[in-house]
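First up is the structure itself, then whatever we jot down about it.
The values are calculated or read from the model by the stated rules, or taken from the named source; none is laboratory data. These figures come from a predicted structure and were not determined experimentally. In this analysis, Cβ positions are derived from the backbone assuming ideal geometry, glycine residues included, and neighbour counts consider all displayed protein chains. Calculation scope for accessible area: heavy atoms of the full protein, side chains included, ligands and nucleic acids excluded. Shrake-Rupley method; radii C 1.70, N 1.55, O 1.52, S 1.80 Å.
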Amino acid sequence: MNQSAFYNLSYGVYICSAWDEGRPTGCVANSAMQVTAAPATVAVSINRENYTHKCIGDCGYFAITVLSEKVDPRLIGKFGFFSGRDKDKFEGVSYTVRGKLPVPDDGCAYIVCKVKDKMETPTHTVFLGEVIDADLLKNEKPMTYEYYHRVIKGKAPKTAPTYNEAKLPD
């Protein structure tokens, strides 16, 4: 199997956030999509090893913040390469509570969802959420996962659905 074929699927770069008993937490996600228009439903794939996975399950809600090509890459590093079990990822990050959830201000859009169902895979849970709030934050171009790898030269953590030890194409 040539895993490079997966690089042709469209992915974005998002922060998926939830509450941890009143404390904001989150992780980077690259697999999110709109499933239906009415009722508006969104799916996000989160590794079961990620602390955010537990927090989404506990609070029953998640928010997706769409990151733009202009985002500070350190924000991606903070949410993508550390665990909320050990570190307050929102420390020093400006955010606003929108539709009940913490949403980093440095995004171009956000979508807040109430979990309605989930699908389990061997490593990830796909949470299906009914959208309860969404809006644009900035008029900027959303970052694609391809842009993240090609331009920013970002890496995928081992918990990412697209993690591959093989070198990505330039």
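Scan segment 51-65 for residues that are crowded, with 22+ Cβ neighbours inside 10 Å and either within 20 Å of Met143 (Cβ to Cβ) or over 13 Å from the mean Cα position of the chain (by Cα) (or both) and jot them down. Result: Thr52, Cys55, Phe62, Ala63, Ile64, Thr65.
Of the residues contained in segment 77-91, none is found to be assigned to a strand (DSSP E or B) and either basic (Lys, Arg) or surrounded by 16 or more Cβ atoms within 10 Å (Cβ to Cβ) (or both). Quick one: in segment 7-43, which of the residues that are more than 27 Å from Lys87 (Cβ to Cβ) and in a loop (DSSP other than H, G, I, E, B) is most open to solvent (accessible area, probe 1.4 Å)? Among those residues, the one meeting the criterion is Ser10.
Within segment 55-69, the set of residues being assigned to a helix (DSSP H, G or I) and either modelled with pLDDT under 95 or over 18 Å from Tyr14 (Cα atoms) (or both) comprises Gly57, Asp58, Cys59.
Any idea which of Ile132, Ile111 is surrounded by fewer than 18 Cβ atoms within 10 Å (Cβ to Cβ), touching a residue at least 12 places away in the same chain (Cβ under 8 Å) and under 23 Å from Gly60 (Cα atoms)? Even if it seems obvious, please write down each step before you answer.
Numbers: Ile111 fails: surrounded by fewer than 18 Cβ atoms within 10 Å (Cβ to Cβ).
Answer to the selection: Ile132.
Of all the residues in segment 92-133, those that are among the hydroxyl-bearing types (Ser, Thr, Tyr), within 21 Å of Glu49 (Cα to Cα) and in a strand (DSSP E or B) number 1. Of all residues in segment 93-105, those satisfying the criterion of being free of Cβ contacts under 8 Å to residues at least 40 places away in the same chain and closer than 19 Å to Ser68 by Cα are Val93, Ser94, Thr96, Arg98, Asp105.
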